[in-house]
Amino acid sequence: MLAGPALAGLIAAAWGVRACYAIDTVSFVASLYATARLPAMRPSGRPPSQGATPQLPGHRGPGRAHVPGLRPVPEPARGPGG
């Protein structure tokens, strides 16, 4: 994560901002070309799963896990219109 901005700074200092954009454009085109050349993935024949990860006993969904020592924040009270 640090190498990209550092390299861009060196390139901008040595050759200017236009060179940064040119190199960035070439790298995106190369990535797009490589992605387009990937082979197609065949379906596995299995039915799709119901979720991304299997549910564990006692698991109530993302952000709903009980952490000992912490209390859940109550839902805000809604007025007559909400």
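The values are calculated or read from the model by the stated rules, or taken from the named source; none is laboratory data. Predicted model only: the values in this text are computed from it and were never measured. Here Cβ is always computed from backbone atoms with ideal geometry, including for glycine, and neighbour counts include all displayed protein chains.
If we keep just the residues of segment 26-52 that are of a type in the set (Lys, Arg) and over 30 Å from Ala8 (Cβ atoms), which is modelled with the highest pLDDT?
Going through the qualifying residues, I end up with Arg42.
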Checking Gln55 against (1) polar (S, T, N, Q); (2) modelled with pLDDT of 70 or more; (3) surrounded by 10 or more Cβ atoms within 10 Å (Cβ to Cβ), the condition it does not meet: (2)
Positions within segment 4-22 being under 24 Å from the mean Cα position of the chain (by Cα) and touching a residue at least 12 places away in the same chain (Cβ under 8 Å), in sequence order: Ala8
Which numbered condition Leu10 fails, given (1) modelled with pLDDT under 90; (2) surrounded by 10 or more Cβ atoms within 10 Å (Cβ to Cβ): (1)
